[in-house]
Amino acid sequence: MHLSGLGGVGHVLEAWGVDAGGGQITGTTRWRWSVDLPNDVIVTDGAFTPSTRYVMPGPTQLFSFAGSSTHTVTDASGMGLLDSGPKTPGALNGVTVPGARSYTYRCTITPTMTGIVKAGMTATPTSGRTTTVFTLS
């Protein structure tokens with residue numbers, strides 16, 4: 001099997017037969033699946049795409065390193081909330097978004113690369129009247 005980046009769009013999984021020496025068997029069927037990862041922030045050479053991602057608190061935000069160079073995703077606030085360390089092309093890094101706020105980040109290798117994850121609040125119930133009591137978290 002082979003897993004590779006697809007130009008920042010997602011990932012491709014391929015499966016094919018191999019002989020005893022590890023070489024690809026010719027003339028056999030090759031299966032290929034494309035998997036779109038719409039919630040990824042794609043880390044390329046020069047940019048985070050999208051540069052602003054809106055999420056709800058709790059889920060994991062995935063950073064997919066699709067450029068040809070090594071990059072980082074590092075907290076830009078100075079509080080040390082996030083630091084992926086250097087990641088090579090093809091790497092993934094997941095970060096759990098703990099609460100509602102804006103999380104700014106940058107690449108320490110290419111400091112002009114910056115981004116932000118904005119986590120919103122949740123309301124329970126999600127709708128109501130002027131007399132409804134809402135819990136915001």
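With respect to the conditions (1) within 16 Å of the chain's Cα centre (by Cα); (2) farther than 13 Å from residue 40 by Cα; (3) not in a loop (DSSP other than H, G, I, E, B); (4) not β-branched (Val, Ile, Thr), residue 102 lacks only one, and its number is (1).
Residue-level check: of (1) in contact with a Ser or Thr (Cβ under 7 Å, 6 or more places away or on another chain); (2) closer than 19 Å to residue 99 by Cβ; (3) surrounded by fewer than 17 Cβ atoms within 10 Å (Cβ to Cβ); (4) at pLDDT 90 or above, residue 52 misses just (1). Residues in the stretch 106-126 that are part of a loop (DSSP other than H, G, I, E, B) and either within 15 Å of residue 52 (Cα to Cα) or at pLDDT 85 or above (or both): 107, 108, 109, 110, 111, 112, 113, 120, 125.
Against the condition surrounded by 15 or more Cβ atoms within 10 Å (Cβ to Cβ), hydroxyl-bearing (Ser, Thr, Tyr) and touching a Phe, Trp or Tyr at 6+ places or on another chain (Cβ under 8 Å), how does residue 64 come out, does it pass? Give the derivation first.
Numbers: surrounded by 15 or more Cβ atoms within 10 Å (Cβ to Cβ): yes; hydroxyl-bearing (Ser, Thr, Tyr): yes; touching a Phe, Trp or Tyr at 6+ places or on another chain (Cβ under 8 Å): no.
Answer is no for this residue.
The values are calculated or read from the model by the stated rules, or taken from the named source; none is laboratory data. This structure is a prediction, so every number in the text was calculated from the model and none was measured. Reconstructed Cβ throughout: ideal geometry from the backbone, glycine too, with neighbour counts over all protein chains shown.
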